[in-house]
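Student: The structure follows.
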Amino acid sequence: EGFFMFWETLWALVLGFTLSGFVQAFISKDQMRAKLGDHRPAAVGRAAGYGMVSSSCSYAASAMSKSLFAKGADFVSSMVFMVASTNLVVELGIVMLVLLGWQFMAAEFVGGPIMIVLLALFGGYVFRGPLVDAARRRLAGPQMGEHDHSVMTGVSEEQQSELDSTPWSKKVHSRAAWADASSYAKADVTMLRKELVIGYVVAGFLATLVPRHFWNLLFIHGHGFWTSAENALVGPLIAVISWVCSIGNVPLAAALWSGGISFGGVIAFIFADLIAMPLILIYRKFYGNKLTLRLVTLFYAIMSVAGLLTEGIFRLFHLVPTTRTLKVTSAHFEWNYTSYLNIIFIA
């Protein structure tokens, strides 16, 4: 189970870490500041757009958002990018359509923008200047030594500065620039390798050893609004201990839904892939304890509220599904688009 969860997201992992390396090597700090230097509506919109066309994997998105922030982007806009890249991507919607139905796929594109708006509105108050400045210095410090050009690429700081000022038409033909991008990507993978292994292994054990009905004992039923509210609050907490990344948590969401969990609780659970325990450990490594605590707390709040509001909107238009069939199939290898994409991206 753990291996096939990894297999389903392998191509997305490669894509995400490759994009992360590309951004770090090819986009200068001045360019990034110009695009995502604040969290005004235009910058938030651009961050959401960049996220939608990026990797759907939470681990890769965390590396990419860290790269954006380290290169000079606003912290709130960087987090908006990460939310969009895990909750507003087509591949996640496709998996939700197959396992849960079209209503859940539609809910992704309703609740995702709600979450982004809430993050943009409250992020500026929660993420204060000194904490953000300390996190940026942390990323530039010696603990991020995996990104030392002189060790990994043979490109000196003077050469890198020259690359940053080189026009794109010349940079894409530069062997040093592509070598630099490759080394950045490999450094991110190296830094997160333990969290990745732990995440997939624990997810495999949870999928095989924990009965599906166990999760439903944590949710109340038959109390109207209070059922929806409690489900939306508990759903993200299940995501914290499930250790499963973005697309990988959809099968578990289908199991929760088949057992009687509310529509909003399922949506909040799916949105909460960004506060799964491996991601919290990654944030702590990137940004330090204090900023991570604020980040996870705000994420938890906006994910729960977004799930509850999404259910309210769907109930208003009578779109909440009434059938609770479970369509999860056993893990096995087959020649499908995932296998072909994995081979291409591995190459």
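Student: Using alpha carbon centroids, what distance separates segment 101-120 and segment 44-74, in Å?
Tutor: Taking the Cα centre of each part, segment 101-120 and segment 44-74 sit 17 Å apart.
Student: Along Cα→Cβ, 7 Å out, is where each label goes; now give me the distance between the ones at A42 and L209 in nm to one decimal.
Tutor: Spacing of the two 7 Å Cα→Cβ label points: 5.4 nm.
Student: Anything over 27 Å Cα to Cα? Flag those among K35/K66; K170/K194; K170/K285; K171/K290; K71/K285; K35/K194, in the order listed.
Tutor: Listed pairs above 27 Å: K170/K194; K170/K285; K171/K290; K35/K194.
Student: Which order do the peptides 314-323, 296-305, 223-232 take when ranked by the mean count of other beta-carbon atoms within 10 Å per residue, highest first?
Tutor: Result, highest mean first: 296-305, 223-232, 314-323.
Student: Tell me, what is the per residue accessible area of segment 18-121 in Å², probe radius 1.4 Å?
Tutor: Accessible area per residue, segment 18-121: 31 Å².
Student: Beyond 20 Å, what share of the Cα-Cα pairs of segment 47-133 is found? Please give it as a whole percent.
Tutor: In whole percent, the share of Cα-Cα pairs in segment 47-133 beyond 20 Å is 36.
The values are calculated or read from the model by the stated rules, or taken from the named source; none is laboratory data. None of the values given here were measured: they were computed from a predicted structure. Neighbour counts run over all protein chains shown; Cβ positions are idealised from the backbone, glycine included. The accessibility values were calculated without ligands, DNA or RNA, using every heavy atom of the protein model including side chains. Shrake-Rupley method; radii C 1.70, N 1.55, O 1.52, S 1.80 Å.
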